[in-house]
Structure formats: structure tokens, C-alpha cells
Amino acid sequence: MSRGPLLLVSLVLALLGPASVRAQPVPSADPEVAALRSGFEYGKYAEVLERAGQRIDRGDLPEEDLVELHKLAGLSAFNLNRTDEAERHLRAVLRLDPDFSLDPFVVPPPAVAFFDDLKNQMAGERDFLRQEQRLRLEREKTEAERREQERVALETQRRRAEELARQVTVRTVEKRNFLVNFVPFGAGQFQQGRNSMGIVFAATEGALAVTSIIAFFAYDSLFEERFVNLDNVLDEDGRASIPVRFIPTDRARQADTWQLLKLASATGFYTVYTLGVVDAVYHHEDQVVSSTTVESRPEPTPPAVSSTPPPRLRLYSTKGGLGAGLSLSF
């Protein structure tokens, strides 16, 4: 072929664009459809018309194969001058694919003209079919999205079920001693896990106890001790005296202050202690059950112990000296 006709053919194909590409027959997975296409190319129109009709009647065909069979049957009927059958099959093609077109490089011009005339006659029906096809595609798209959402939801549930199956609930039973509630400094609250209240009682009772101890020693430090001689009483040394412990008059104000502080802090300590005991007894529980969830991990499988014995080295004597041999088992 010379360069001029080759360029002309390329230009025509470029102008036709997607229409010419669409007119190319799509390879079918059904061997019977491929055989009918081959028979049509060899001019076996009567056989193709009969076998295509039988295959269409049996059904169970994808839309692409159904369009191809109606096209082959329609063109075969047209070539046999059986116009009614050709029109019936080609109309079926347009009902399945309203925008279908024949390849003018493969189909003779009379058949293309006949098909185009049918397209003009079915212009209104084709518009309706296009709208119906768009609606069907939208429904299919919506259905596909719904199925995908269901698949994702089921996959999420499956993964959640697997995670729950791997989780183990550990229940811990804590037994609490009732006598601990009577221990000062918030011991009952700490046993119950109420650490904030335990800290309050412990700090308050501790401060009052320290204050009472300080006041006790401060009050005791105000005393003085002196010996008082007794008249008309003689001992072995010729005199008698007894020790007297007292607070001087000039320290009376301090003594009253420390005495009052000692009594007040002691009273406060026992009051707070009583409140702590009452609170601990009120919230006491003999046992507390707590649950924690942990993920169980399968125990690692120990490595398989090979039954193959290790290689052995043997030494043996020879006429000329000493020999060595290595034995292996497979």
C-alpha cells in the first residue's frame, strides 16, 4: 500500500473517533457467539440467522452478547432480503443500546442506511430508552453503594467480633476487713479506695494530734519542783522535807492557755476520728468485685524439634596413620 491511501485511511479513522471504535465487535466469552460471528463473516447468513434466534430464545446471555446476536441476525436477515426479520432484530439492538451504530467499514452502505432509517423512526422511543437507561444506571449505582456500605459494616462487625473474642475479662474480688474502719488517720477510707477523704481525715487528725502533744509538753514544762521543810518532823538527818511540784503564779496565764489548747485539740481529734469511723462504716463493703478486660495473645508455638540426628565425626585407624569420617542423615 502506498503512503497516500494509508494517510487517508488514518485521517478517516481519526474523524470517526469513538463511533468507529465502538462499532468494533467486543470479544465474547461465549464460544457460540464467536462461532456465529465467524460464520457471518464467511457469508453463512441463513445458518447465522437460525442459530442466533435459537441462542437468543434460550436466554441467559449478558447484554453485550445479546446485542451482538441481534445485530448478526438482523444483518443476516437483511442480506437474505427478509426485511421484517431484519427490522425486528435491529429494533431489538436499538432497544438494548439506543446509541448503537454500525461500522461503515464493515457493513455495506445499504444495511447502514436501513439501520439509520430505523434509528430515525425510533427517535422518540430511543430518547425514552436513554432516560430509562440512565435511571437504571443510577439505581444500579445506588444499589452498588448500598451493598458496599453493608459490606463495610459487616466487615467492621466481624473485626469487632474478633477483637471481642480475643479479649478476656478478669474479675478481681477484694475482701475488706471491717476492723480497719476503726483505725484513725483515714485508714478505712484508704481501704475503700476513697483516697481524697482519707487524706482529709489523716491530715486533720494528724494536725490535731500534733497540736495536742505540743500543748501537753508545753504545759508540763511550766511546772517547777521545790522541797518544803516540815516543822516538828525529824528524819534521820534531823530534818524533814517533801518535794512540791507547782506552776508559779506568773505563769498562770500561759498554763491556762496551754491547758485550753491541749483539751481543745484532743476533743477535736476524737471528734474527727469519730466522724471518720462513722463515714468508713457507712461506706463499708465486705468485698468488692472489679472487672478488667485484657487482650489474650496466643502462646508462641515452640520451634519444631528436628528429628534428624546431628552430623557425627568418626575417627578410625588406617595402615598409613589415622583417618576421619563425617556422617550425615537426611
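The values are calculated or read from the model by the stated rules, or taken from the named source; none is laboratory data. Computed from a predicted structure; not experimentally measured. Counting neighbours? That spans all protein chains shown, and the Cβs are built from the backbone with ideal geometry, glycine included. The protein model used for the area step is the full one, side chains on, heavy atoms only, and it has no ligands, DNA or RNA in it. Shrake-Rupley method; radii C 1.70, N 1.55, O 1.52, S 1.80 Å.
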Subject >> Matching residues in segment 67-88 - criterion: being farther than 18 Å from residue 41 by Cα and in a helix (DSSP H, G or I) >> reply: 83, 84, 85, 87, 88
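Quick one: in segment 35-52, which of the residues that are surrounded by fewer than 17 Cβ atoms within 10 Å (Cβ to Cβ) and over 23 Å from residue 105 (Cα atoms) is nearest to the chain's Cα centre (by Cα)?
Per the stated criteria, the residue is 50.
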Original post:
Cβ-Cβ below 7 Å, separation at least six or inter-chain, first residue in segment 44-55 and touching a residue at least 24 places away in the same chain (Cβ under 8 Å), second among the aromatic types (Phe, Trp, Tyr) and part of a helix (DSSP H, G or I): which pairs?
Top reply: 48/40
Original post:
For residues in segment 155-201 being charged (D, E, K, R) and part of a helix (DSSP H, G or I), which is most open to solvent (accessible area, probe 1.4 Å)?
Top reply: 159
Subject >> Residue ID - modelled with the lowest pLDDT, chosen from residues in segment 53-87 that are farther than 16 Å from residue 108 by Cα and of a type in the set (A, V, I, L, M) >> reply: 61
**OP:** Identify the single condition in (1) under 30 Å from residue 275 (Cβ atoms); (2) out of contact with any Gly (no Cβ under 8 Å at 6 or more places or on another chain) that residue 169 does not satisfy, given that it satisfies every other one.
**Re:** (1)
Subject >> Number of the exception - residue 196 against (1) within 30 Å of residue 293 (Cα to Cα); (2) in contact with a Gly (Cβ under 8 Å, 6 or more places away or on another chain); (3) at pLDDT 90 or above >> reply: (2)
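Looking only at segment 202-232, filter to residues that are in contact (Cβ under 8 Å) with a residue 24 or more places away in the chain and among the hydrophobic types (A, V, I, L, M, F, W, C); which one of those is most open to solvent (accessible area, probe 1.4 Å)?
Looking only at segment 202-232, we keep the residues that are in contact (Cβ under 8 Å) with a residue 24 or more places away in the chain, and these are 204-205, 208-209, 211-212, 215-216, 218-219, 222-224.
Imposing the further condition that a residue be among the hydrophobic types (A, V, I, L, M, F, W, C) reduces the set to 208-209, 215-216, 218, 222-223.
Numbers: 208: 44, 209: 26, 215: 0, 216: 101, 218: 18, 222: 12, 223: 56 Å².
Restricting to residues being in contact (Cβ under 8 Å) with a residue 24 or more places away in the chain and among the hydrophobic types (A, V, I, L, M, F, W, C), the top hit is 216.
Filter segment 56-66 for residues that are assigned to a helix (DSSP H, G or I) and without any contact (Cβ under 8 Å) to a residue 24 or more places away in the chain; which is surrounded by the most Cβ atoms within 10 Å (Cβ to Cβ)? Outline the logic, then answer.
Step one: list which residues in segment 56-66 are assigned to a helix (DSSP H, G or I), which gives 56-58, 63-66.
Narrowing the set further to residues that are without any contact (Cβ under 8 Å) to a residue 24 or more places away in the chain leaves 56-58.
Details: 56: 16, 57: 7, 58: 9.
In this case the residue turns out to be 56.
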Subject >> Residue in segment 105-138 that is surrounded by the fewest Cβ atoms within 10 Å (Cβ to Cβ), counting only those that are in contact (Cβ under 8 Å) with a residue 12 or more places away in the chain and not in a helix (DSSP H, G or I) >> reply: 105
Subject >> First in segment 273-287 and exposed (fewer than 12 other Cβ atoms within 10 Å of the Cβ), second anywhere and basic (Lys, Arg) and not in a helix (DSSP H, G or I), Cβ under 6 Å, 6 or more apart >> reply: 287/175
Original post:
Given the conditions (1) under 24 Å from residue 125 (Cβ atoms); (2) out of contact with any Ser or Thr (no Cβ under 7 Å at 6 or more places or on another chain), and given that residue 68 satisfies all but one, which numbered condition is not satisfied?
Top reply: (2)
